[in-house]
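Working notes for the structure below.
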Protein chains: 2
Amino acid sequence: MTVHQQQGQRPGDTPPEELNRLIGAAAEAAPVLVGSHPSDRASWLELVADRLDAEADNLVPLAAQETHLGVDRLQAELKRTTFQLRLFAQILGDGSFLQATIDHADPAWPMGPRPDLRRMLRPIGPVAVYGASNFPFAFSVAGGDTASALAAGCPVLLKANPSHPELSAATGVYVSEALAEAGAPDGIFAVVMGFETGAALVRDARIRAASFTGSLRGGRALFDLAVSRPDPIPFYGELGSVNPAFVTPDAGAQRADEVAAGFVGSMSLGNGQFCTKPGLLFVPAGSGLEDRVAALAGAGPAAPMLSEHIRSGYSQALEQLAERPGVRVIAGEVDPEGDPAPTILATTVSDLLADSEALTQECFGPAALVVSYTSEEELLAAAQVFEGQLTATIQSSGPEPITSALLDVLTERVGRVVWNGWPTGVSVSYAQHHGGPYPATTSVQTTSVGTAAIDRFLRPVTYQDAPDEVLPPALQEDNPWHLPRRVDGVLQPPE
Amino acid sequence: MTVHQQQGQRPGDTPPEELNRLIGAAAEAAPVLVGSHPSDRASWLELVADRLDAEADNLVPLAAQETHLGVDRLQAELKRTTFQLRLFAQILGDGSFLQATIDHADPAWPMGPRPDLRRMLRPIGPVAVYGASNFPFAFSVAGGDTASALAAGCPVLLKANPSHPELSAATGVYVSEALAEAGAPDGIFAVVMGFETGAALVRDARIRAASFTGSLRGGRALFDLAVSRPDPIPFYGELGSVNPAFVTPDAGAQRADEVAAGFVGSMSLGNGQFCTKPGLLFVPAGSGLEDRVAALAGAGPAAPMLSEHIRSGYSQALEQLAERPGVRVIAGEVDPEGDPAPTILATTVSDLLADSEALTQECFGPAALVVSYTSEEELLAAAQVFEGQLTATIQSSGPEPITSALLDVLTERVGRVVWNGWPTGVSVSYAQHHGGPYPATTSVQTTSVGTAAIDRFLRPVTYQDAPDEVLPPALQEDNPWHLPRRVDGVLQPPE
């Protein structure tokens with residue numbers, strides 16, 4: 001049991017001495033993990049996935065109670081979470097994540113004789129993972145960061161999100177038990193709690209990297225701690241995004257009903273509590289899209305937010321947005337008595353350009369801003385006001401000249417461009433990228449979703465002229481692990 | 001001409017308005033580079049290499065005059081530099097640096113229907129490169145950072161090292177002319193000068209990444225600026241390293257002459273002005289290695305340092321080291337009147353363990369510390385005092401039990417482990433890794449030497465359900481660039 005919890009009480013903050021003990025155990029587990037076989041780690045992840053699936057009837061009601069999310073959504077999210085664990089198990093089997101690279105000694109190498117050089121990636125060391133509030137399974141205790149760090153061979157100290165402590169504690173117990181039963185080393189995983197605990201974690205010299213999903217303010221504060229250490233460490237923060245969507249003139253004319261329905265479905269999914277929620281929709285003036293969106297959203301149900309903290313933050317952000325010059329409320333209420341329902345505001349590109357910082361702030365909840373444009377020049381100008389985003393969406397109908405210009409502007413700013421779809425529902429796969437320039441993330445070159453997420457927790461080491469008997473198996477001449485490797489510059493498929 | 005230079009005068013600091021203009025030009029070049037074909041960039045790099053080779057008779061004497069390095073060494077370094085440019089041209093042809101990854105839509109994907117997702121790497125944007133003092137070609141104006149950034153498709157603002165301004169200006173002119181003749185876009189490359197210029201560069205919002213080779217103090221100051229921006233950017237700093245070398249009992253007994261000669265050759269190469277200079281040599285007490293090293297080093301010639309600034313820094317560091325308790329000078333002089341000659345200090349592991357911070361400081365110049373150990377336990381304890389290092393060296397003779405324990409301790413701390421060789425002379429190749437945990441670098445996951453250096457200047461973007469006609473060629477279904485790609489999870493060789 002890794003959580004400080006008296007029987008019958010809510011889990012409490014991890015005391016400093018307990019935190020110290022847990023980080024010490026993680027640091028002791030780290031070299032054991034360095035020496036572990038990827039297929040062993042794969043079996044650990046699979047057993048964790050099996051255990052979480054088996055505990056669904058315990059976990060989902062607990063999650064529903066603490067997060068107010070629906071049971072269907074939570075069941076699907078748990079399925080996604082265990083799929084993710086199994087997908088990382090699969091790429092451990094493939095082995096290309098090690099990026100094993102061998103240059104044989106070459107006396108004729110043009111810059112001068114080359115020694116034998118062999119490089120591979122190895123685990124970065126103990127990792128601090130900060131769980132998110134809005135995905136109590138997929139971005140929390142057993143979520144993608146935990147899965148990718150364990151897959152990489154890094155012990156994980158999981159700082160639980162305060163919005164679902166009971167679920168975090170329960171998930172932590174199942175994960176820890178499954179890892180122990182699977183034969184993983186002691187100290188490989190622990191759940192810790194408390195605000196001060198989170199700050200202490202990222203400053204601890206034994207922690208070698210950190211990942212975070214949450215607010216811009218909280219994420220930047222932890223990033224600042226990570227990079228101001230005597231020895232700065234990588235901090236992978238996913239902070240926030242407004243995910244603008246752009247409807248071209250043709251799409252507005254030809255598919256207005258479909259676009260309106262898709263947009264309202266996406267912005268209100270999970271009560272708007274997704275980092276990929278489309279927060280702005282650019283529509284051709286006169287297309288009728290504004291009215292269609294308002295009508296559909298206005299009929300949407302009210303639903304409780306994840307927490308009172310998030311509800312009050314949402315109300316405040318929405319109120320500020322509604323008070324800006326040129327902004328009108330066209331569906332829903334800005335200050336409802338109880339749970340919020342989908343709420344749509346509207347403005348024009350010229351008002352947006354005059355007040356772009358305020359009108360492009362993230363409003364975490366079921367609100368969005370519909371922005372009318374009157375020319376393609378306006379549309380392109382609007383696309384250029386955005387800072388870094390996780391996603392941008394283009395709704396187009398066939399080959400319009402505007403779309404390639406728009407695509408160029410958007411790929412400059414975002415991690416993922418969605419074409420005639422919607423950004424919520426982030427598939428976990430090989431080609432997924434869930435990231436983007438700051439402030440979407442603090443690390444523009446990495447993803448927190450998909451198999452490439454493992455790269456965050458690995459670092460290279462090169463062996464020069466080392467004899468086979470001291471090399472790790474991944475670099476031994478006869479390739480005992482049957483890995484794909486790059487040999488003398490040429491990529492060789494696995495044998 | 002990118003350098004602010006009146007006829008007959010030394011190049012001066014770049015005025016702020018000129019810097020602003022050059023960064024603006026780089027920002028305008030960036031989207032042109034995003035759209036450039038890798039094979040075009042390859043031809044630009046090749047033409048730059050050809051031009052530099054053709055100008056060797058102009059460049060080498062200038063370099064010799066400003067750096068006091070020998071002509072043979074400088075000719076070899078220029079060869080290495082142009083080889084490096086051509087090697088990046090070659091990997092642009094291979095195309096795997098794009099990491100093109102395609103997941104076709106899959107309605108049966110276990111976590112739920114998967115859209116079509118296609119990811120590739122794209123240029124990160126304009127890059128600031130800070131040239132080093134000690135490699136006036138290979139880590140300066142046309143060095144590895146410039147080569148890898150241009151290969152990635154990023155415009156480069158090159159902050160010249162103040163120790164060789166004339167060479168930097170001349171190299172900059174040749175590079176700019178060659179790029180222009182090759183048809184590269186305006187704004188792709190410029191040399192700038194001045195301390196304030198360097199600070200302004202890394203803070204400029206248009207600069208998207210920075211790379212640096214130099215001192216811990218200078219590098220950390222620029223790193224701190226980079227990460228405290230409103231929008232932090234990646235900062236790839238290579239700061240310093242003492243590169244400890246460990247002689248096992250058997251190697252000390254069997255190969256003492258060879259080890260002593262190799263060590264003195266490596267620590268005195270380039271007058272000790274390499275970031276990979278082995279600064280400490282751990283030897284078995286009673287092996288006679290201390291005397292052998294002293295004798296060889298004591299016979300080494302004095303030579304001028306790169307600059308008066310570096311000479312005075314070296315004298316100061318050496319003096320501080322020599323004054324520590326238990327440290328003896330066994331060859332050379334601590335405070336020579338003129339140019340320094342190889343200087344060897346000696347101590348024991350027990351004195352080192354008692355004063356490890358002071359005795360493991362980098363002393364940039366031809367000095368090294370020989371440390372005697374009396375047991376394998378002492379040797380392992382000594383290996384554990386080191387912070388992050390670029391390299392560590394093991395001199396072993398066959399399968400001794402101590403070596404695998406030593407290797408485990410060292411790979412935890414370093415970027416490259418050298419076996420029965422010496423760390424200077426960093427080959428540029430596919431498997432090279434020139435990096436390591438802080439303070440060796442500010443970015444433990446990247447290298448500044450070898451083909452993997454290109455990764456620093458790329459970031460991913462994913463296209464979801466985008467039709468073929470708007471996708472970049474690298475991601476189009478029929479693979480018009482014949483790239484190696486990962487398709488539905490399976491690595492596919494180029495067609």
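The values are calculated or read from the model by the stated rules, or taken from the named source; none is laboratory data. Worth saying up front: this structure is predicted, and the values here are computed from it rather than measured. Methodologically, a virtual Cβ is constructed for each residue, glycine included, from the backbone with ideal geometry; neighbour enumeration extends over all protein chains shown. Note: accessible area is taken over every heavy atom of the protein model, side chains too, but ligands, DNA and RNA are not part of it. Shrake-Rupley method; radii C 1.70, N 1.55, O 1.52, S 1.80 Å.
Conditions (1) modelled with pLDDT of 95 or more; (2) aliphatic (A, V, I, L, M); (3) surrounded by fewer than 22 Cβ atoms within 10 Å (Cβ to Cβ); (4) under 30 Å from A:GLY143 (Cα atoms), marked per residue:
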site	(1), (2), (3), (4)
A:PRO401	no, no, yes, no
A:THR411	yes, no, yes, yes
A:GLN432	yes, no, no, yes
A:PRO437	yes, no, no, yes
A:ASP465	yes, no, yes, no
A:GLN476	yes, no, yes, no
A:ASN479	yes, no, yes, no
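To keep it simple, each residue is scored yes or no on (1) open to solvent by 40 Å² or more (accessible area, probe 1.4 Å); (2) in a helix (DSSP H, G or I).
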position: B:GLU290; (1), (2): no, yes
position: B:LEU296; (1), (2): yes, yes
position: B:MET305; (1), (2): no, no
position: B:ARG311; (1), (2): yes, yes
position: B:LEU321; (1), (2): no, yes
position: B:ARG324; (1), (2): yes, no
position: B:GLU378; (1), (2): yes, yes
Problem - Single match in A:ALA105, A:ALA151 (criterion: in contact (Cβ under 8 Å) with a residue 40 or more places away in the chain and in contact with a helix residue (DSSP H, G or I) (Cβ under 7 Å, 6 or more places away or on another chain)) - result: A:ALA151
Completion exercise
Per the filter on region B:350-385, residues in contact (Cβ under 8 Å) with a residue 40 or more places away in the chain, among the small types (Gly, Ala, Ser) and under 23 Å from B:CYS275 (Cα atoms) are B:GLY365, B:ALA367, B:ALA368, B:ALA382, B:ALA383
Problem - A:ALA251 closer than 27 Å to B:GLU238 by Cα, buried (at least 22 other Cβ atoms within 10 Å of the Cβ) and within 14 Å of chain B (Cβ to nearest Cβ) - result: no
Exercise for the section: Answer yes if at least one residue in region A:54-69 is open to solvent by less than 10 Å² (accessible area, probe 1.4 Å), closer than 30 Å to A:LEU117 by Cβ, away from chain B (no Cβ under 12 Å) and in contact with a helix residue (DSSP H, G or I) (Cβ under 7 Å, 6 or more places away or on another chain), and no otherwise. Expected result: no
Problem - Residue list for region A:95-115, filter: surrounded by fewer than 19 Cβ atoms within 10 Å (Cβ to Cβ) and among the charged types (D, E, K, R) - result: A:ASP106
Exercise for the section: Pairs only if they're at least six apart or on different chains, beta carbon under 8 angstrom, first in region B:315-328 and among the small types (Gly, Ala, Ser), second open to solvent by 80 Å² or more (accessible area, probe 1.4 Å); list them, first residue then second. Expected result: B:SER315/B:ASP335; B:ALA317/B:GLN361; B:GLY326/B:ALA354
Practice task
Select, from A:ASP186, A:ASP145, A:ASP116, the only residue that is acidic (Asp, Glu) and under 17 Å from A:PRO31 (Cβ atoms).
Solution key: A:ASP186
Practice task
Report, by residue number, each residue of region A:442-459 that is open to solvent by 10 Å² or more (accessible area, probe 1.4 Å) and not aliphatic (A, V, I, L, M).
Solution key: A:THR442, A:SER443, A:GLN445, A:THR446, A:SER448, A:THR451, A:ASP455
Practice task
Could you please give the count of residues in region B:254-266 that are over 18 Å from the mean Cα position of the chain (by Cα), small (Gly, Ala, Ser) and buried (at least 24 other Cβ atoms within 10 Å of the Cβ)?
Solution key: 1
Problem - Matching residues in region B:420-444 - criterion: being among the β-branched types (Val, Ile, Thr) and more than 7 Å from chain A (Cβ to nearest Cβ) - result: B:THR424, B:VAL426, B:THR441
Fill in the blank from the handout: B:ALA346 fails exactly one of (1) open to solvent by less than 20 Å² (accessible area, probe 1.4 Å); (2) part of a loop (DSSP other than H, G, I, E, B), namely (2)
Exercise for the section: With the condition kept exactly as written, say whether any residue in region A:451-460 is facing chain B (nearest Cβ under 8 Å), closer than 30 Å to A:THR411 by Cα and aromatic (Phe, Trp, Tyr). Expected result: no
Problem - Boolean, B:THR374 is polar (S, T, N, Q), under 20 Å from the mean Cα position of the chain (by Cα), more than 10 Å from every other protein chain (Cβ to nearest Cβ) and within 28 Å of B:LEU318 (Cα to Cα) - result: no
Handout entry: Any chance B:ARG73 is closer than 30 Å to B:PHE195 by Cβ and open to solvent by 20 Å² or more (accessible area, probe 1.4 Å)
Key = yes
Exercise for the section: Could you tell me whether any residue of region B:100-118 is more than 12 Å from chain A (Cβ to nearest Cβ) and under 30 Å from B:SER163 (Cα atoms)? Expected result: no
Practice task
For A:THR447, indicate whether it is touching a Gly at 6+ places or on another chain (Cβ under 8 Å) and either at the interface with another protein chain (Cβ under 9 Å from one of its Cβ atoms) or part of a loop (DSSP other than H, G, I, E, B) (or both).
Solution key: yes
Exercise for the section: Please give the strands (runs of 3 or more DSSP E) falling wholly within region A:48-130 in which 1 or more residues are hydroxyl-bearing (Ser, Thr, Tyr) and in contact with a strand residue (DSSP E or B) (Cβ under 7 Å, 6 or more places away or on another chain). Expected result: A:101-103, A:127-130
Handout entry: Scan of region A:326-340 for residues that are in contact with a helix residue (DSSP H, G or I) (Cβ under 7 Å, 6 or more places away or on another chain) and surrounded by 13 or more Cβ atoms within 10 Å (Cβ to Cβ), ordered by number
Key = A:GLY326, A:VAL327, A:VAL329, A:ILE330, A:ALA331, A:GLY332, A:VAL334, A:PRO340
Fill in the blank from the handout: Result of the Cβ filter at 6 Å on region A:394-407, keeping first residues that are farther than 20 Å from A:LEU280 by Cα and partners that are assigned to a helix (DSSP H, G or I), at least 6 apart or interchain, is A:GLU400/A:ASP250
Exercise for the section: Test A:GLU18 against the criterion of being part of a helix (DSSP H, G or I), out of contact with any Asp or Glu (no Cβ under 8 Å at 6 or more places or on another chain), surrounded by 16 or more Cβ atoms within 10 Å (Cβ to Cβ) and more than 14 Å from every other protein chain (Cβ to nearest Cβ), and give yes or no. Expected result: yes
Problem - Which numbered condition B:GLN492 misses (of (1) more than 30 Å from B:GLU238 (Cα to Cα); (2) open to solvent by 20 Å² or more (accessible area, probe 1.4 Å); (3) within 8 Å of chain A (Cβ to nearest Cβ); (4) in contact with a strand residue (DSSP E or B) (Cβ under 8 Å, 6 or more places away or on another chain)) - result: (3)
Completion exercise
Within region A:215-242, of all residues that are out of contact with any helix residue (DSSP H, G or I) (no Cβ under 9 Å at 6 or more places or on another chain) and either within 13 Å of chain B (Cβ to nearest Cβ) or touching a residue at least 12 places away in the same chain (Cβ under 8 Å) (or both), the one farthest from A:CYS154 (Cα to Cα) is A:VAL242
Problem - Total residues in region A:396-408, condition more than 9 Å from chain B (Cβ to nearest Cβ) and either among the hydroxyl-bearing types (Ser, Thr, Tyr) or closer than 18 Å to A:PRO278 by Cα (or both) - result: 2
Problem - B:LEU269 vs. criteria assigned to a helix (DSSP H, G or I) and open to solvent by less than 30 Å² (accessible area, probe 1.4 Å) - result: no
